[in-house]
Each structure stands twice: as structure tokens, then as C-alpha cells.
Amino acid sequence: MSIRIDKQKCVGCFQCTAVCPGSLIRKSDTGKAYIKYPENCWGCVSCVKECRFGAIDFFLGADIGGVGSTMNVSYEGDIIHWNIHKYDGTQITIDVNSKDSNQY
Amino acid sequence: MTRLKTQKLMTDVLIVGGGTAGCYAALTIARHSKLKVTIAEKANIKRSGCLAAGVNAINAYIVDGKTPDFYADYATKDANGIVRRDLLLSAAKLFNSTTAELEKLGLVILKDENGKYVSRGNRNIKINGENIKPILAKAVKAEENISIINNLNITDLIVKNNRALGAVGFKTDENTAYEIYAKAVLIATGGASGLYKPNNPGFSRHKMWYPPFNTGAGYAMGIRSGAEMTSFEMRFIALRCKDTIAPTGTIAQGVGAKQVNSKGDVYETKYGLTTSERVYGTVEENRLGNGPCYLRTSVIDKSKDNDLLKAYLNMAPSQTLKWIESGKNPSEQDVEISGTEPYIVGGHTASGYWVNTNRETTINGLYAAGDVAGGCPQKYVTGAFAEGEIAALDIIRKYADAEIETYEEVFESKLGEYEKILGGSNEKFTAQSLEEAMQKVMDEYAGGISTGYSFNEKQLDLADEKIDKLITLADQLSAEDTYEMMYVYELRERLVVCKVLIAHLRARKETRWHTFNENLDYPDTDPNYFGYVNSKYENGKIDIIFRDIVQEAEYEHKN
């Protein structure tokens with residue numbers, strides 16, 4: 001359960017650093033965000049939702065069933081696109097309208 | 001020697017913790033008075049606390065045709081009688097008005113064609129709570145009388161002659177120690193996770209139910225200051241989707257999935273339907289060789305798959321990813337369930353500060369609301385709002401005209417302690433290694449997952465002895481920066497909570513709730529223990545206080 005931050009995509013805005021409830025994301029010497037203790041991540045994906053540059057991917061550790069897929073978020077108005085890059089190279093997107101309630 | 005800069009602040013009301021209860025209390029004070037409020041938050045109020053990822057239902061709501069008494073009856077039965085009815089009723093009366101307020105602020109709630117909320121069962125309504133924290137944070141930021149200090153880790157209360165005067169702490173993102181004085185202090189820090197070895201002790205060790213960053217700081221501060229605590233022995237163990245530790249309510253109540261063992265038998269009716277009995281049933285079925293246990297989603301219609309995947313994205317995205325990683329949708333496989341490690345959390349069970357009906361603790365001018373406040377189980381999110389409101393209104397009534405008093409000795413002593421930790425070097429032990437040691441002790445000797453949540457007195461004695469040794473070691477830890485120093489304090493907080501928890505487990509010589517306090521020396525419920533187990537830390541020792549069940553509609557502290 002953790003995240004990885006793409007150094008190429010990170011623009012150094014540090015919005016992720018600000019919101020992490022565990023204060024786990026820090027500033028590197030090169031002006032990029034990095035997660036200091038990946039194993040201390042709760043998996044709340046606050047940082048993934050905060051990043052407007054798609055630089056943060058969420059993944060499951062192998063100990064809880066992760067086989068390599070990752071997930072990030074992009075926005076279009078009220079729609080949250082959850083972009084899932086599957087382990088087999090395919091991609092699926094689940095759209096959630098933030099104005100819609102859960103049905104269950 | 002590392003020197004810290006110092007900052008001294010005066011405010012009218014200090015709120016420690018900017019989560020659900022803290023934010024709602026701040027809003028209430030701002031709207032009902034001219035008092036200045038300061039929120040001290042160790043992370044950032046936009047996404048801090050147990051609702052960081054979101055929440056997908058309001059689980060404490062008075063639905064059409066039901067009453068606050070109905071809710072209080074339910075919570076009382078579920079806790080086998082060990083509740084404070086005055087607290088339950090006063091919270092339940094505000095469930096609906098606080099929900100309406102959140103809807104005004106922007107929370108999305110499911111409505112039918114007549115514009116009425118759609119209920120899920122007898123006490124719940126359906127929402128989209130993904131952004132509940134950003135909604136609250138935005139409302140708080142818009143109030144000019146509320147100041148927010150993010151990244152401020154409060155470590156101790158300033159208490160003199162049993163009156164709360166303020167608190168001390170340090171910023172994690174800069175080298176500054178803070179002393180804050182106020183007319184009244186509200187503790188809203190949440191409960192305690194990470195006391196016991198977790199379900200996934202390796203790489204995903206923080207994939208737990210309750211946020212791993214809620215360390216019981218609020219309990220620890222109060223305990224050290226001599227506040228009375230209640231019902232720590234009513235631990236909370238959640239029944240969750242295995243591995244991801246995601247909520248089960250959306251599947252169990254939302255799509256009506258039955259709880260079954262590996263033989264396909266619906267076993268819950270064999271063990272009872274209270275929260276603790278559901279966990280117990282699953283533990284027992286596994287012990288009897290009937291595991292694994294599941295929520296049977298494989299019989300649901302596949303048209304429900306997509307809505308389930310979406311619902312989990314709004315509160316526990318790991319479960320959605322887990323379904324995708326497995327290559328099978330909810331309708332194509334059952335969801336394995338397991339009990340979590342035990343937590344201390346007053347939003348679900350009755351553990352926490354012993355408060356009067358207005359949520360003032362036994363320390364004058366110190367209030368508690370939300371998960372840190374005891375006596376009011378199953379208050380959940382709306383109960384945290386309600387308690388924030390109740391405490392806020394009483395603070396205005398009682399302390400608006402109080403004088404702010406300073407007491408520098410506490411700050412001077414804490415500043416010395418901070419600088420010693422930052423200037424020290426300990427090559428043998430780290431906060432992390434001692435945390436693992438603590439979790440192992442609690443798991444093996446104080447009823448963790450590995451013993452099926454059960455314990456006996458001999459084991460508790462050993463646990464107590466070993467926790468004492470770890471407390472000594474924790475006092476010698478050093479830290480290379482202020483972030484690392486926060487971990488040192490978090491460990492110390494957890495150790496204090498463990499110490500009190502062990503004392504409570506030992507004091508209740510019965511098994512009142514299966515799994516929550518499964519005492520093998522006293523496996524049955526004993527009517528002599530129909531009452532509260534409370535405690536107070538004084539002169540280096542924990543005194544246990546047995547109290548009778550409160551019958552009054554309004555409870556005030558007395559000796």
C-alpha cells in the first residue's frame with residue numbers, strides 16, 4: 001500500500017506534501033516531492049487526488065494482493081476520472097461524478 | 001544542542017485536532033460568538049484524521065419514523081449496557097441538524113424523487129463523502145475568527161490546579177516550539193491505532209482501518225494531566241474486507257451480502273448480531289476450521305459491480321484496486337473478511353474521556369469531542385459534529401468571559417525536552433523499532449489478533465511489565481529533525497495508552513463483550529460489573545474507579 005511519485009511529472013508544487021495526513025511526503029534537494037517512508041502510507045490517496053499533474057500513482061503492496069497495477073486521478077468539471085493502468089498494460093477508467101451520491 | 005525558536009500565542013479557544021469534531025466545533029464557536037479560535041492540527045485540516053479518504057454513508061441518522069431514543073436503545077444494546085444515555089441522547093438529537101448543515105456546506109446526499117434522503121437500514125443515509133474534509137476545511141477557512149495552524153504537533157496540555165490553561169507543542173515543518181494559552185481547550189484528536197500488531201505487519205503495515213496517524217495523543221495528554229478516562233477495555237475491533245481493511249457495510253447493508261463460512265453456511269445468527277459478536281463469530285468459525293469467512297457477493301447481479309467499484313473509490317480506493325488486481329468483479333467472487341487489530345476509539349465504542357453532558361472533562365476548561373470522548377459509542381461522523389457543537393456552545397456559555405492565565409514552567413520544561421531529543425543520539429533504538437516491540441507485546445499478551453483477541457491475567461501482568469520497559473527506552477530516543485521527533489512523541493503517546501488499556505482490561509474481571517474484552521480467566525458476563533471502569537493517572541500510578549451506570553438526563557462531575 002503506497003504511492004510512487006514520477007520525478008519527471010512532478011513540478012514541485014508540494015500540494016501533496018501539504019495534504020498528506022502522515023506528513024510523509026517531503027521536498028528533495030532537487031525540488032521534487034518524494035515519499036520518505038513508503039511503508040508508512042495509509043493509502044488514503046489524498047495526495048493522488050491533490051496532484052493536478054498526474055505525477056502520483058497509487059499501488060497495492062504484494063502482501064495485500066498487489067500485482068503491479070497503478071491508479072491515478074484526473075479531473076473534468078465534476079467528473080473524477082480514476083485512471084487504472086493495469087499490470088498487463090491495458091488501461092481502464094472509472095468515472096465518478098462528485099455530485100452523485102453512492103448508491104449503496 | 002539544537003535550539004528551537006519559540007512562539008507564544010494567546011487565543012480564546014484552543015482546539016487540538018482539526019478533524020470532524022474539531023472543525024465543527026470551530027464553526028459553531030465562530031457562528032455563535034465573537035471568540036477567537038485557534039485550531040492546532042498536526043497534519044493539514046484539508047485531509048487529516050480518519051476521514052482523509054472520505055466516508056460513504058452517514059451511519060448515525062434518525063431516519064423517518066425513528067427517534068433519538070431508538071438510536072440510544074440500539075447503541076446501548078450493542079455495548080451491552082455500558083454507555084452514557086445522557087451523551088447518546090444529546091448527540092442523537094443533533095444527528096439530523098448537523099447533517100443538514102453539512103449538506104448546506106456542499107455534502108452530496110442521496111435523495112429520492114420526492115427530495116427525501118434515501119436511508120440504508122434503520123440508522124443510515126447514503127452520501128458521497130469523498131470530499132467531506134475539504135468541505136469542512138473550506139468552511140473553517142472562510143471564518144475570520146478562526147486561525148488554523150497546520151503541522152503543529154501538540155504534545156502536552158498546560159494544566160494548573162486542575163484547570164486547563166493551554167497546550168504546548170512544536171511545528172514539524174520548521175524548528176519552532178509553541179506555547180498557546182486559551183480560556184478553554186477542546187481536545188478533538190481522535191482515537192488510537194497502532195497499539196497492536198496490525199493485520200499486514202510488513203510493507204502494508206499502515207493499511208489499517210483507523211488512520212495510523214491517530215496515535216491516541218489526546219488520551220495521552222489527558223491521562224498525564226490527571227483527567228479521568230472511561231471504558232478503555234471496550235476495545236474496538238472492526239470486521240473488514242481482508243487485506244485492504246476496507247469497510248464491509250457497503251457490501252453487507254448496501255447490497256445485502258450475507259456473511260458465510262467456507263462451507264457456505266450463514267453463521268452470524270449462531271453468535272449474535274452485535275458488533276462484537278459479529279467479529280467473534282468470524283474468529284470462532286476460523287478457529288473451528290470453517291474459515292475463511294466471506295461476504296457472499298458472488299450472488300449479486302453484475303449490474304451492481306460498477307456502482308460498488310465507484311462507492312469504494314469514494315472511501316477506500318484500495319478495495320476497488322484489489323478487485324481489479326484480482327481480475328474478478330464483486331459479482332464473480334466473494335469478499336473475504338477478517339477482524340482487525342484492536343483500536344481505542346470513542347466513535348465506535350465507549351472508550352475515552354469521562355465527560356459531563358456538555359462534554360467537559362474532569363479538568364476544568366478542558367472539553368473532549370469526537371473519537372477522543374468516551375461514553376457515547378456509535379456516534380460516528382454525525383456524533384462527532386454533535387459533540388463538537390455541544391462542547392462549543394458550553395465553552396461560549398461558561399468560559400467566554402474567563403481570564404487567560406499563563407504558566408511558563410510547563411513550556412520551559414517541554415522546550416528542554418524537545419531540544420534534548422533533537423540533540424541526542426541513540427544508535428540502538430528508534431521510534432520505529434520500539435513501536436514494533438510494543439505491538440508485539442500487545443498482540444501476544446494483551447489480546448491481539450494472534451491470540452484471537454483473548455488474554456488472561458498472567459499475560460496482562462507480563463504485558464504491563466514489558467510496556468514499562470519500553471516506556472523507559474522511549475524516554476531515551478533521539479530524533480534528527482522535528483518530523484522524527486513527532487514519531488518519538490507518537491510512540492510515547494501509544495505507550496501511555498497501552499498502559500491504561502492494560503489496567504482497564506485487568507480491572508473488568510468478566511467478559512462483557514466477546515473479542516473486545518475476551519478475558520479467559522473470566523469467560524462469562526458478571527452482573528457485578530454492570531458499570532463503568534474508569535481510571536485516573538496520579539503520582540505515577542493508575543487508579544481504577546468503578547462507577548455506577550449514569551441514570552440522570554444531565555450528568556455533572558462529582559467526586
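The values are calculated or read from the model by the stated rules, or taken from the named source; none is laboratory data. Just so it is clear, the structure is predicted and the values come from calculations on it, not from any experiment. Because the Cβ atoms are built from the backbone with ideal geometry, glycine has one as well, and the counts that use them run over all protein chains shown.
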Take B:GLU284 and tell me if it is out of contact with any strand residue (DSSP E or B) (no Cβ under 6 Å at 6 or more places or on another chain), part of a helix (DSSP H, G or I) and within 14 Å of chain A (Cβ to nearest Cβ). no
Please go through (1) at negative phi; (2) in a loop (DSSP other than H, G, I, E, B); (3) crowded, with 23+ Cβ neighbours inside 10 Å for B:GLY222 and return the number of the only condition it doesn't satisfy. (2)
Inspect region B:391-401 for any residue being buried (at least 24 other Cβ atoms within 10 Å of the Cβ) and more than 18 Å from the chain's Cα centre (by Cα) and give the result as yes or no. yes
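Out of all the residues in region A:16-56, which are part of a helix (DSSP H, G or I), hydroxyl-bearing (Ser, Thr, Tyr) and more than 8 Å from chain B (Cβ to nearest Cβ)?
Start the filter on region A:16-56 by keeping residues that are part of a helix (DSSP H, G or I), which leaves A:16-19, A:38-40, A:46-50.
Pick out the ones that are also hydroxyl-bearing (Ser, Thr, Tyr) and you get A:17, A:46.
Within region A:16-56, A:THR17 is the sole residue that qualifies.
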Kindly indicate whether any position in region A:57-67 is in contact with a Gly (Cβ under 9 Å, 6 or more places away or on another chain), buried (at least 17 other Cβ atoms within 10 Å of the Cβ), in a loop (DSSP other than H, G, I, E, B) and at the interface with chain B (Cβ under 8 Å from one of its Cβ atoms). yes
Checking B:TYR280 against (1) within 24 Å of B:ALA75 (Cα to Cα); (2) touching a Leu at 6+ places or on another chain (Cβ under 9 Å), which single condition isn't satisfied? (2)
Subset of region B:287-316, residues in contact with a strand residue (DSSP E or B) (Cβ under 7 Å, 6 or more places away or on another chain) and within 28 Å of A:CYS41 (Cα to Cα), comes to B:PRO292, B:CYS293, B:TYR294, B:LEU295, B:LEU309, B:LYS310, B:LEU313, B:ASN314
By residue number, the members of region A:15-35 that are within 21 Å of B:GLY49 (Cβ to Cβ) and out of contact with any Phe, Trp or Tyr (no Cβ under 8 Å at 6 or more places or on another chain) are A:GLN15, A:CYS16, A:THR17, A:ALA18, A:VAL19, A:CYS20, A:ILE35
Does region B:121-134 hold any residues that are surrounded by fewer than 20 Cβ atoms within 10 Å (Cβ to Cβ) and at pLDDT 95 or above, and which are they? B:PRO134
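Name the single residue that is surrounded by the most Cβ atoms within 10 Å (Cβ to Cβ) among those in region A:93-103 being facing another protein chain (nearest Cβ under 7 Å) and out of contact with any helix residue (DSSP H, G or I) (no Cβ under 7 Å at 6 or more places or on another chain). If you could, list the steps in order and put the result at the bottom.
Step one: filter region A:93-103 for residues facing another protein chain (nearest Cβ under 7 Å), giving A:94, A:96, A:98-103.
From the residues that got through so far, the ones that are out of contact with any helix residue (DSSP H, G or I) (no Cβ under 7 Å at 6 or more places or on another chain) too are A:98-101.
On the way: A:SER98: 15, A:LYS99: 11, A:ASP100: 16, A:SER101: 22.
Per the stated criteria, the residue is A:SER101.
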Scope region B:354-381; condition hydrophobic (A, V, I, L, M, F, W, C) and surrounded by 24 or more Cβ atoms within 10 Å (Cβ to Cβ); matching residues: B:TRP354, B:VAL355, B:LEU366, B:ALA368, B:ALA369, B:VAL372, B:ALA373, B:CYS376, B:VAL381
Assuming B:VAL55 fulfils every condition listed in (1) modelled with pLDDT of 95 or more; (2) closer than 18 Å to B:GLU101 by Cα apart from one, which condition is it? (1)
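Taking A:ASN72 as the residue in question, decide whether it is assigned to a strand (DSSP E or B) and either on the phi > 0 side of the Ramachandran plot or touching a helix residue (DSSP H, G or I) at 6+ places or on another chain (Cβ under 6 Å) (or both). Please lay out each step first, then the result.
Working: assigned to a strand (DSSP E or B): yes; either on the phi > 0 side of the Ramachandran plot or touching a helix residue (DSSP H, G or I) at 6+ places or on another chain (Cβ under 6 Å) (or both): yes.
So A:ASN72 fits the description; yes.
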Restricting to region B:291-314, name every residue that is more than 22 Å from A:VAL67 (Cβ to Cβ), under 31 Å from the mean Cα position of the chain (by Cα) and more than 8 Å from chain A (Cβ to nearest Cβ). B:GLY291, B:CYS293, B:LEU295, B:ARG296
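For region B:315-343, how many residues are of a type in the set (Gly, Ala, Ser), in a helix (DSSP H, G or I) and either under 18 Å from B:CYS50 (Cβ atoms) or more than 9 Å from chain A (Cβ to nearest Cβ) (or both)? Explain how you work it out, then say what you get.
As a first pass, look at region B:315-343 and keep what is of a type in the set (Gly, Ala, Ser): B:316, B:318, B:326-327, B:331, B:338-339.
Filter once more, keeping what is in a helix (DSSP H, G or I): B:318, B:326, B:331.
If we keep only those that are either under 18 Å from B:CYS50 (Cβ atoms) or more than 9 Å from chain A (Cβ to nearest Cβ) (or both) too, we end up with B:318, B:331.
Going through region B:315-343 one residue at a time, the tally reaches 2.
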Quick one: is B:THR2 assigned to a loop (DSSP other than H, G, I, E, B) and surrounded by fewer than 24 Cβ atoms within 10 Å (Cβ to Cβ)? yes
